Amino acid sequence: MNRTGKRQGIRFNLPTAAAFAAALLTSLFVATAAPAADCRTNGSFESWLGRFKAEARAEGISQHAIEEASPYLVYDQRIVNIDHGQRIFAQPFLEFSGKMLSSGRISQGIAHIQKYRAVFDREEKQYGAPAAVITGFWGLESDFGADMGKDNSIRSLTTLAYDCRRADMFRGHLFDALRLIERGDLHPAEMIGSWAGELGQTQMMPSEYIKYAVDYDGDGKRNLLRSAPDVIGSTGNYLVSLGWRRGEPWLREVRVPAEMPWQEADLSIQHPLEKWASFGVTEPDGRPLKTEALKASLLLPQGRMGPAFLVFDNFQIYLKWNSSLVYSTTAAYYAARLAGAPAMRRGNGTPPPPLQAEQAKELQQQLMKAGFDVGGADGKLGLSSRQATRAMQIKLGLPADSYPTLELLARMRAGY
(Lines give C-alpha, C1' and ligand atoms only; values in the text may rest on other atoms or scores of the structure.)
Protein backbone atom coordinates (compact mmCIF):
# COMPACT_ATOMS: atom_id res chain seq x y z
CA MET A 1 0.00 0.00 0.00
CA ASN A 2 1.58 3.21 -1.16
CA ARG A 3 3.23 5.29 1.57
CA THR A 4 5.17 7.73 -0.55
CA GLY A 5 3.24 10.68 0.82
CA LYS A 6 4.55 10.24 4.32
CA ARG A 7 6.18 13.15 6.04
CA GLN A 8 9.94 13.27 6.33
CA GLY A 9 11.81 15.46 8.79
CA ILE A 10 15.37 16.78 9.00
CA ARG A 11 16.94 17.41 12.40
CA PHE A 12 20.04 19.50 12.82
CA ASN A 13 21.98 21.23 15.61
CA LEU A 14 23.77 24.56 15.41
CA PRO A 15 25.79 25.94 18.33
CA THR A 16 25.26 29.70 17.97
CA ALA A 17 22.90 32.28 16.52
CA ALA A 18 25.72 33.46 14.25
CA ALA A 19 26.21 29.97 12.93
CA PHE A 20 22.48 29.68 12.34
CA ALA A 21 22.46 32.96 10.39
CA ALA A 22 25.41 31.84 8.29
CA ALA A 23 23.81 28.50 7.60
CA LEU A 24 20.55 30.21 6.66
CA LEU A 25 22.31 32.47 4.16
CA THR A 26 24.11 29.46 2.71
CA SER A 27 20.90 27.49 2.40
CA LEU A 28 19.18 30.42 0.70
CA PHE A 29 22.04 30.67 -1.79
CA VAL A 30 21.96 26.94 -2.45
CA ALA A 31 18.18 26.97 -2.85
CA THR A 32 18.47 29.83 -5.34
CA ALA A 33 21.31 28.27 -7.27
CA ALA A 34 20.11 24.66 -7.22
CA PRO A 35 19.06 23.36 -10.63
CA ALA A 36 15.58 22.06 -11.26
CA ALA A 37 15.00 18.34 -10.90
CA ASP A 38 16.30 16.32 -13.82
CA CYS A 39 13.07 14.89 -15.25
CA ARG A 40 10.92 14.83 -18.38
CA THR A 41 11.05 18.61 -18.82
CA ASN A 42 14.78 18.29 -19.59
CA GLY A 43 14.38 16.09 -22.65
CA SER A 44 13.63 12.59 -23.83
CA PHE A 45 13.57 9.54 -21.59
CA GLU A 46 16.60 8.10 -23.38
CA SER A 47 18.70 11.19 -22.69
CA TRP A 48 17.52 11.28 -19.09
CA LEU A 49 18.38 7.60 -18.61
CA GLY A 50 21.88 8.17 -19.97
CA ARG A 51 22.43 10.95 -17.44
CA PHE A 52 21.00 8.82 -14.63
CA LYS A 53 23.33 5.89 -15.39
CA ALA A 54 26.32 8.21 -15.47
CA GLU A 55 25.33 9.67 -12.11
CA ALA A 56 24.81 6.18 -10.68
CA ARG A 57 28.38 5.27 -11.64
CA ALA A 58 29.58 8.53 -10.09
CA GLU A 59 27.69 7.53 -6.91
CA GLY A 60 29.82 4.39 -6.73
CA ILE A 61 27.27 1.95 -8.09
CA SER A 62 28.95 -0.71 -10.19
CA GLN A 63 28.44 -1.13 -13.92
CA HIS A 64 27.44 -4.73 -13.20
CA ALA A 65 24.50 -3.66 -10.98
CA ILE A 66 23.40 -1.11 -13.58
CA GLU A 67 23.53 -3.71 -16.35
CA GLU A 68 21.57 -6.20 -14.23
CA ALA A 69 18.85 -3.61 -13.74
CA SER A 70 18.87 -2.33 -17.33
CA PRO A 71 15.98 -4.48 -18.64
CA TYR A 72 13.78 -2.76 -16.05
CA LEU A 73 15.10 0.80 -16.47
CA VAL A 74 12.16 1.66 -18.69
CA TYR A 75 9.26 4.10 -18.70
CA ASP A 76 5.67 2.99 -17.98
CA GLN A 77 2.94 5.59 -18.47
CA ARG A 78 0.48 3.44 -16.51
CA ILE A 79 2.49 4.07 -13.32
CA VAL A 80 2.23 7.84 -13.80
CA ASN A 81 -1.52 7.54 -14.35
CA ILE A 82 -1.90 5.65 -11.07
CA ASP A 83 0.24 8.15 -9.19
CA HIS A 84 -1.80 11.10 -10.40
CA GLY A 85 -5.13 9.44 -9.63
CA GLN A 86 -4.85 8.00 -6.09
CA ARG A 87 -8.16 8.11 -4.23
CA ILE A 88 -8.14 5.11 -1.88
CA PHE A 89 -7.52 7.19 1.24
CA ALA A 90 -10.39 9.59 0.43
CA GLN A 91 -12.83 7.05 1.89
CA PRO A 92 -14.23 7.81 5.39
CA PHE A 93 -12.73 5.88 8.28
CA LEU A 94 -15.66 3.55 8.94
CA GLU A 95 -15.87 2.59 5.28
CA PHE A 96 -12.12 2.13 4.83
CA SER A 97 -11.57 0.24 8.08
CA GLY A 98 -14.62 -1.91 7.43
CA LYS A 99 -13.17 -3.02 4.11
CA MET A 100 -9.63 -3.49 5.36
CA LEU A 101 -10.26 -5.17 8.73
CA SER A 102 -12.32 -8.24 8.00
CA SER A 103 -12.72 -10.86 10.71
CA GLY A 104 -10.41 -13.07 8.65
CA ARG A 105 -7.63 -10.50 8.61
CA ILE A 106 -7.91 -10.08 12.36
CA SER A 107 -7.85 -13.83 13.07
CA GLN A 108 -4.98 -14.27 10.60
CA GLY A 109 -3.02 -11.58 12.41
CA ILE A 110 -3.52 -13.28 15.74
CA ALA A 111 -2.39 -16.57 14.20
CA HIS A 112 0.80 -14.95 12.86
CA ILE A 113 1.61 -13.50 16.27
CA GLN A 114 1.26 -16.96 17.79
CA LYS A 115 3.25 -18.64 15.00
CA TYR A 116 6.20 -16.27 15.28
CA ARG A 117 5.98 -15.59 19.02
CA ALA A 118 9.67 -16.33 19.64
CA VAL A 119 10.76 -13.95 16.85
CA PHE A 120 8.41 -11.23 18.11
CA ASP A 121 9.71 -11.64 21.66
CA ARG A 122 13.27 -11.29 20.38
CA GLU A 123 12.34 -8.20 18.35
CA GLU A 124 10.49 -6.51 21.20
CA LYS A 125 13.40 -7.11 23.56
CA GLN A 126 15.84 -5.67 21.00
CA TYR A 127 13.80 -2.85 19.45
CA GLY A 128 10.67 -2.38 21.54
CA ALA A 129 7.87 -2.47 18.96
CA PRO A 130 4.94 -4.68 20.08
CA ALA A 131 4.01 -7.73 18.03
CA ALA A 132 0.50 -6.35 17.44
CA VAL A 133 1.86 -3.14 15.92
CA ILE A 134 4.22 -4.89 13.51
CA THR A 135 1.55 -7.43 12.62
CA GLY A 136 -0.96 -4.68 11.92
CA PHE A 137 1.30 -3.17 9.28
CA TRP A 138 2.20 -6.63 7.98
CA GLY A 139 -1.44 -7.53 7.42
CA LEU A 140 -2.51 -4.21 5.91
CA GLU A 141 0.45 -3.79 3.61
CA SER A 142 0.58 -7.25 2.03
CA ASP A 143 -1.78 -9.71 3.74
CA PHE A 144 1.31 -11.26 5.35
CA GLY A 145 3.15 -11.60 2.07
CA ALA A 146 0.27 -12.90 -0.01
CA ASP A 147 -0.06 -9.67 -1.98
CA MET A 148 3.11 -7.58 -2.20
CA GLY A 149 2.13 -6.01 -5.51
CA LYS A 150 2.55 -6.84 -9.18
CA ASP A 151 4.93 -4.18 -10.50
CA ASN A 152 8.68 -4.35 -10.88
CA SER A 153 10.16 -1.85 -8.45
CA ILE A 154 12.95 -0.76 -10.80
CA ARG A 155 10.47 0.01 -13.59
CA SER A 156 8.17 1.94 -11.22
CA LEU A 157 10.98 3.97 -9.68
CA THR A 158 12.48 4.75 -13.10
CA THR A 159 9.12 6.00 -14.32
CA LEU A 160 8.45 8.13 -11.25
CA ALA A 161 11.99 9.53 -11.24
CA TYR A 162 11.53 10.65 -14.84
CA ASP A 163 8.09 12.12 -14.13
CA CYS A 164 8.44 15.57 -12.61
CA ARG A 165 5.92 15.39 -9.74
CA ARG A 166 8.35 13.98 -7.14
CA ALA A 167 11.40 13.32 -9.28
CA ASP A 168 14.16 13.90 -6.73
CA MET A 169 12.59 11.62 -4.11
CA PHE A 170 12.15 8.73 -6.53
CA ARG A 171 15.60 9.30 -8.01
CA GLY A 172 17.07 8.66 -4.56
CA HIS A 173 15.02 5.52 -4.17
CA LEU A 174 16.16 4.30 -7.59
CA PHE A 175 19.82 4.72 -6.63
CA ASP A 176 19.17 2.69 -3.47
CA ALA A 177 17.30 0.01 -5.43
CA LEU A 178 20.48 -0.45 -7.48
CA ARG A 179 22.44 -0.65 -4.24
CA LEU A 180 20.15 -3.45 -3.03
CA ILE A 181 21.08 -5.35 -6.19
CA GLU A 182 24.78 -4.62 -5.70
CA ARG A 183 24.65 -5.64 -2.05
CA GLY A 184 23.20 -8.99 -3.08
CA ASP A 185 19.95 -8.76 -1.13
CA LEU A 186 17.71 -9.01 -4.21
CA HIS A 187 17.84 -9.69 -7.94
CA PRO A 188 16.07 -7.24 -10.29
CA ALA A 189 13.59 -9.84 -11.59
CA GLU A 190 12.34 -10.64 -8.08
CA MET A 191 11.89 -7.00 -7.05
CA ILE A 192 8.11 -7.10 -7.44
CA GLY A 193 6.11 -4.74 -5.28
CA SER A 194 3.67 -1.85 -5.32
CA TRP A 195 3.22 0.52 -8.24
CA ALA A 196 5.23 3.13 -6.29
CA GLY A 197 8.32 0.95 -5.89
CA GLU A 198 7.77 -0.34 -2.37
CA LEU A 199 9.15 -3.80 -1.62
CA GLY A 200 8.59 -6.60 0.81
CA GLN A 201 5.89 -7.79 3.14
CA THR A 202 5.67 -4.49 5.01
CA GLN A 203 6.31 -2.45 1.86
CA MET A 204 9.49 -0.49 2.42
CA MET A 205 10.79 1.97 -0.10
CA PRO A 206 14.33 1.02 -1.26
CA SER A 207 15.97 3.77 0.82
CA GLU A 208 14.19 2.42 3.93
CA TYR A 209 15.05 -1.15 2.96
CA ILE A 210 18.76 -0.46 2.60
CA LYS A 211 18.95 1.46 5.90
CA TYR A 212 16.73 -0.59 8.19
CA ALA A 213 16.45 -4.15 6.84
CA VAL A 214 18.20 -6.66 9.10
CA ASP A 215 19.15 -10.29 8.68
CA TYR A 216 17.00 -11.86 11.39
CA ASP A 217 17.07 -15.47 10.20
CA GLY A 218 20.87 -15.67 10.00
CA ASP A 219 21.17 -16.62 6.32
CA GLY A 220 23.44 -13.67 5.50
CA LYS A 221 20.83 -11.75 3.48
CA ARG A 222 18.12 -9.22 4.26
CA ASN A 223 15.14 -10.59 2.39
CA LEU A 224 11.86 -8.85 3.15
CA LEU A 225 10.06 -10.66 0.34
CA ARG A 226 10.31 -14.22 1.70
CA SER A 227 11.76 -14.28 5.22
CA ALA A 228 9.21 -13.69 8.00
CA PRO A 229 11.95 -13.22 10.66
CA ASP A 230 13.66 -10.60 8.47
CA VAL A 231 10.28 -8.85 8.03
CA ILE A 232 9.62 -8.79 11.77
CA GLY A 233 13.08 -7.61 12.83
CA SER A 234 13.38 -5.05 10.03
CA THR A 235 9.95 -3.56 10.67
CA GLY A 236 10.73 -3.21 14.36
CA ASN A 237 14.03 -1.54 13.50
CA TYR A 238 12.27 0.85 11.12
CA LEU A 239 9.55 1.76 13.65
CA VAL A 240 12.19 2.60 16.24
CA SER A 241 13.94 4.81 13.67
CA LEU A 242 10.65 6.71 13.31
CA GLY A 243 10.59 7.29 17.07
CA TRP A 244 8.54 4.43 18.53
CA ARG A 245 8.50 4.69 22.33
CA ARG A 246 8.95 1.36 24.08
CA GLY A 247 6.17 0.28 26.45
CA GLU A 248 3.81 3.16 25.61
CA PRO A 249 0.31 2.92 24.11
CA TRP A 250 -0.73 4.19 20.70
CA LEU A 251 -4.55 4.28 20.50
CA ARG A 252 -7.48 3.47 22.77
CA GLU A 253 -11.16 3.70 22.00
CA VAL A 254 -13.28 5.91 24.28
CA ARG A 255 -16.83 7.24 24.49
CA VAL A 256 -17.45 10.99 24.31
CA PRO A 257 -20.46 12.82 25.80
CA ALA A 258 -23.07 14.53 23.65
CA GLU A 259 -21.80 17.90 24.83
CA MET A 260 -18.15 18.73 25.37
CA PRO A 261 -15.61 21.34 24.23
CA TRP A 262 -15.19 19.85 20.75
CA GLN A 263 -12.41 22.28 19.85
CA GLU A 264 -10.17 20.24 22.17
CA ALA A 265 -10.42 17.29 19.77
CA ASP A 266 -7.32 17.90 17.67
CA LEU A 267 -4.05 16.03 17.23
CA SER A 268 -2.12 19.20 18.08
CA ILE A 269 -3.73 19.29 21.55
CA GLN A 270 -2.74 16.93 24.36
CA HIS A 271 -4.26 16.70 27.83
CA PRO A 272 -3.63 14.40 30.79
CA LEU A 273 -6.15 11.58 30.94
CA GLU A 274 -7.64 13.19 34.07
CA LYS A 275 -8.55 16.24 31.98
CA TRP A 276 -10.31 14.13 29.34
CA ALA A 277 -12.20 12.42 32.16
CA SER A 278 -13.30 15.82 33.46
CA PHE A 279 -14.76 16.58 30.02
CA GLY A 280 -16.92 13.48 30.33
CA VAL A 281 -14.82 11.10 28.23
CA THR A 282 -15.23 7.51 29.46
CA GLU A 283 -14.24 3.98 28.59
CA PRO A 284 -16.19 2.60 25.60
CA ASP A 285 -18.66 0.80 27.90
CA GLY A 286 -19.32 3.94 29.96
CA ARG A 287 -17.10 3.11 32.91
CA PRO A 288 -14.86 5.90 34.23
CA LEU A 289 -11.76 6.50 32.14
CA LYS A 290 -8.58 4.83 33.38
CA THR A 291 -6.28 7.69 34.27
CA GLU A 292 -2.63 6.65 34.13
CA ALA A 293 0.05 9.36 34.09
CA LEU A 294 -0.21 9.84 30.32
CA LYS A 295 -1.17 12.60 27.94
CA ALA A 296 -3.30 12.01 24.86
CA SER A 297 -5.14 13.72 22.03
CA LEU A 298 -8.78 13.10 21.19
CA LEU A 299 -9.23 11.82 17.64
CA LEU A 300 -12.68 11.89 16.05
CA PRO A 301 -12.04 10.46 12.57
CA GLN A 302 -15.66 11.06 11.50
CA GLY A 303 -16.61 13.87 13.81
CA ARG A 304 -18.49 13.95 17.07
CA MET A 305 -21.11 11.41 15.94
CA GLY A 306 -18.59 8.73 14.95
CA PRO A 307 -16.03 6.57 16.77
CA ALA A 308 -13.73 8.29 19.26
CA PHE A 309 -10.16 7.45 20.23
CA LEU A 310 -7.53 8.78 22.57
CA VAL A 311 -4.20 8.68 20.75
CA PHE A 312 -0.80 8.92 22.36
CA ASP A 313 2.69 9.94 21.24
CA ASN A 314 3.20 6.65 19.43
CA PHE A 315 0.28 7.46 17.14
CA GLN A 316 2.57 10.01 15.48
CA ILE A 317 4.66 7.06 14.26
CA TYR A 318 1.66 5.83 12.31
CA LEU A 319 1.42 9.23 10.63
CA LYS A 320 5.11 9.06 9.76
CA TRP A 321 4.57 5.61 8.27
CA ASN A 322 1.66 6.96 6.20
CA SER A 323 0.46 10.55 6.41
CA SER A 324 -3.11 9.55 5.52
CA LEU A 325 -5.21 9.93 8.67
CA VAL A 326 -7.70 7.26 7.58
CA TYR A 327 -4.90 4.73 6.95
CA SER A 328 -3.05 5.59 10.18
CA THR A 329 -6.20 5.33 12.29
CA THR A 330 -7.13 2.03 10.67
CA ALA A 331 -3.64 0.58 11.21
CA ALA A 332 -3.57 1.72 14.84
CA TYR A 333 -7.06 0.34 15.49
CA TYR A 334 -6.08 -2.96 13.83
CA ALA A 335 -3.08 -3.22 16.17
CA ALA A 336 -5.35 -2.50 19.14
CA ARG A 337 -7.67 -5.35 18.07
CA LEU A 338 -4.69 -7.69 17.70
CA ALA A 339 -3.60 -6.68 21.20
CA GLY A 340 -6.99 -7.73 22.60
CA ALA A 341 -9.27 -4.70 22.31
CA PRO A 342 -12.93 -5.42 21.46
CA ALA A 343 -14.58 -4.23 18.27
CA MET A 344 -15.22 -0.49 18.34
CA ARG A 345 -18.53 1.24 18.84
CA ARG A 346 -19.67 3.15 15.79
CA GLY A 347 -20.24 6.33 17.80
CA ASN A 348 -23.13 8.30 19.26
CA GLY A 349 -25.22 8.35 16.12
CA THR A 350 -24.85 8.50 12.38
CA PRO A 351 -21.88 10.56 11.17
CA PRO A 352 -22.68 13.16 8.49
CA PRO A 353 -22.20 11.85 4.95
CA PRO A 354 -18.66 12.32 3.65
CA LEU A 355 -18.04 14.98 1.04
CA GLN A 356 -17.79 13.75 -2.51
CA ALA A 357 -14.56 14.45 -4.40
CA GLU A 358 -15.76 17.65 -6.07
CA GLN A 359 -17.33 18.89 -2.84
CA ALA A 360 -14.08 18.23 -1.00
CA LYS A 361 -12.15 20.21 -3.61
CA GLU A 362 -14.64 23.06 -3.33
CA LEU A 363 -14.32 23.12 0.46
CA GLN A 364 -10.54 23.27 0.15
CA GLN A 365 -10.89 26.15 -2.32
CA GLN A 366 -13.19 27.96 0.10
CA LEU A 367 -10.76 27.37 2.96
CA MET A 368 -7.87 28.71 0.88
CA LYS A 369 -9.99 31.74 -0.03
CA ALA A 370 -10.48 32.28 3.70
CA GLY A 371 -6.71 32.32 4.19
CA PHE A 372 -5.96 28.74 5.23
CA ASP A 373 -3.08 26.68 3.85
CA VAL A 374 -4.50 23.25 3.04
CA GLY A 375 -1.81 22.23 0.56
CA GLY A 376 -3.95 22.70 -2.53
CA ALA A 377 -7.42 21.66 -3.67
CA ASP A 378 -6.93 17.98 -4.49
CA GLY A 379 -10.06 16.61 -2.85
CA LYS A 380 -8.01 14.68 -0.26
CA LEU A 381 -9.03 16.01 3.13
CA GLY A 382 -5.88 15.33 5.13
CA LEU A 383 -4.61 16.78 8.40
CA SER A 384 -4.13 20.33 7.10
CA SER A 385 -7.68 20.40 5.71
CA ARG A 386 -9.08 19.06 8.98
CA GLN A 387 -7.17 21.67 11.00
CA ALA A 388 -8.50 24.42 8.76
CA THR A 389 -11.98 22.93 9.09
CA ARG A 390 -11.71 23.08 12.87
CA ALA A 391 -10.58 26.71 12.79
CA MET A 392 -13.48 27.65 10.51
CA GLN A 393 -15.96 25.72 12.67
CA ILE A 394 -14.77 27.72 15.69
CA LYS A 395 -15.13 30.96 13.72
CA LEU A 396 -18.68 30.09 12.67
CA GLY A 397 -19.78 28.80 16.07
CA LEU A 398 -20.22 25.23 14.84
CA PRO A 399 -19.16 22.19 16.92
CA ALA A 400 -15.43 22.18 16.19
CA ASP A 401 -14.88 18.46 15.72
CA SER A 402 -12.59 18.90 12.65
CA TYR A 403 -14.87 16.87 10.38
CA PRO A 404 -15.61 18.49 7.00
CA THR A 405 -19.36 18.49 6.31
CA LEU A 406 -21.91 19.71 3.79
CA GLU A 407 -23.16 22.11 6.47
CA LEU A 408 -19.77 23.80 6.68
CA LEU A 409 -19.47 23.93 2.89
CA ALA A 410 -22.93 25.53 2.60
CA ARG A 411 -22.02 28.18 5.20
CA MET A 412 -18.82 29.01 3.35
CA ARG A 413 -20.60 29.17 0.00
CA ALA A 414 -23.01 31.66 1.51
CA GLY A 415 -20.17 33.88 2.69
CA TYR A 416 -20.47 32.62 6.29
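The values are calculated or read from the model by the stated rules, or taken from the named source; none is laboratory data. Keep in mind it's a predicted model, so treat the numbers as computed, not measured. Every residue, glycine as well, gets a Cβ built from its backbone with ideal geometry; the counts of neighbours run over all protein chains shown. Only protein heavy atoms, including side chains, enter the accessible area calculation; ligands, DNA and RNA are left aside. Shrake-Rupley method; radii C 1.70, N 1.55, O 1.52, S 1.80 Å.
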Kindly establish whether MET148 is in contact (Cβ under 8 Å) with a residue 40 or more places away in the chain, in contact with a strand residue (DSSP E or B) (Cβ under 7 Å, 6 or more places away or on another chain) and surrounded by 16 or more Cβ atoms within 10 Å (Cβ to Cβ).
-> yes
Test result for ASP378, over 20 Å from PHE93 (Cβ atoms), of a type in the set (D, E, K, R) and open to solvent by 20 Å² or more (accessible area, probe 1.4 Å) | no
Within region 392-410, considering residues that are touching a helix residue (DSSP H, G or I) at 6+ places or on another chain (Cβ under 9 Å), open to solvent by less than 60 Å² (accessible area, probe 1.4 Å) and among the hydrophobic types (A, V, I, L, M, F, W, C), the one nearest to TRP262 (Cα to Cα) = ALA400
Single residue of region 196-211 satisfying the filter (open to solvent by less than 10 Å² (accessible area, probe 1.4 Å) and assigned to a loop (DSSP other than H, G, I, E, B)) that is nearest to ARG78 (Cα to Cα) | ALA196
Would you mention how many residues in region 288-303 are more than 15 Å from MET344 (Cα to Cα) and either open to solvent by 40 Å² or more (accessible area, probe 1.4 Å) or in a strand (DSSP E or B) (or both)?
-> 10
Verdict on GLU248 being open to solvent by 40 Å² or more (accessible area, probe 1.4 Å), assigned to a loop (DSSP other than H, G, I, E, B) and modelled with pLDDT under 95 = no
In region 128-158, anything small (Gly, Ala, Ser) and within 18 Å of GLY233 (Cα to Cα) is listed as GLY128, ALA129, ALA131, ALA132, GLY136, GLY139, SER142, GLY145
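Residues are listed down the side, and each one gets a yes or a no for (1) at pLDDT 95 or above; (2) out of contact with any helix residue (DSSP H, G or I) (no Cβ under 8 Å at 6 or more places or on another chain); (3) under 26 Å from PRO130 (Cβ atoms):
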{"residue": "GLU182", "(1), (2), (3)": "yes, no, no"}
{"residue": "GLY197", "(1), (2), (3)": "yes, no, no"}
{"residue": "GLY200", "(1), (2), (3)": "yes, no, yes"}
{"residue": "PRO206", "(1), (2), (3)": "yes, no, no"}
{"residue": "TYR209", "(1), (2), (3)": "yes, no, yes"}
{"residue": "GLY220", "(1), (2), (3)": "no, yes, no"}
{"residue": "ARG226", "(1), (2), (3)": "yes, yes, yes"}
Any pair with Cβ under 8 angstrom, 6 or more apart, that starts in region 36-50 at a residue that is closer than 16 Å to VAL80 by Cβ and ends at one that is open to solvent by 50 Å² or more (accessible area, probe 1.4 Å) and of a type in the set (Lys, Arg) | TRP48/ARG40
Might you let me know whether region 284-298 holds any residue that is hydrophobic (A, V, I, L, M, F, W, C), closer than 24 Å to LEU406 by Cβ and touching a helix residue (DSSP H, G or I) at 6+ places or on another chain (Cβ under 7 Å)?
-> yes
If GLU362 passes every condition in (1) of a type in the set (Asp, Glu); (2) assigned to a loop (DSSP other than H, G, I, E, B); (3) surrounded by 16 or more Cβ atoms within 10 Å (Cβ to Cβ) but one, which one does it miss?
-> (2)
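Residues in region 222-267 that are without any contact (Cβ under 8 Å) to a residue 60 or more places away in the chain and under 30 Å from ARG304 (Cβ atoms): how many?
Residues in region 222-267 being without any contact (Cβ under 8 Å) to a residue 60 or more places away in the chain and under 30 Å from ARG304 (Cβ atoms): 6 in total.
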Only one of (1) over 25 Å from LEU157 (Cβ atoms); (2) open to solvent by 10 Å² or more (accessible area, probe 1.4 Å); (3) in a helix (DSSP H, G or I) is not met by TYR216, so which one is it?
-> (3)
From ARG345, ARG413, grab the single residue that is surrounded by fewer than 16 Cβ atoms within 10 Å (Cβ to Cβ) and touching a strand residue (DSSP E or B) at 6+ places or on another chain (Cβ under 8 Å).
-> ARG345
Over region 368-416, the set of residues free of Cβ contacts under 8 Å to residues at least 40 places away in the same chain, among the small types (Gly, Ala, Ser) and not in a helix (DSSP H, G or I) is GLY371, GLY375, GLY376, ALA377, GLY397, ALA414, GLY415
Residue list for region 60-79, restricted to those being assigned to a helix (DSSP H, G or I) and either under 15 Å from ARG179 (Cβ atoms) or open to solvent by 10 Å² or more (accessible area, probe 1.4 Å) (or both) = GLN63, HIS64, ALA65, ILE66, GLU67, GLU68, ALA69, SER70, PRO71, TYR72, GLN77, ARG78
Heads up, the helices (runs of 4 or more DSSP H) in region 87-143 (entirely inside) with at least 1 residues that are surrounded by fewer than 19 Cβ atoms within 10 Å (Cβ to Cβ) and over 23 Å from the mean Cα position of the chain (by Cα) are 103-115, 117-126
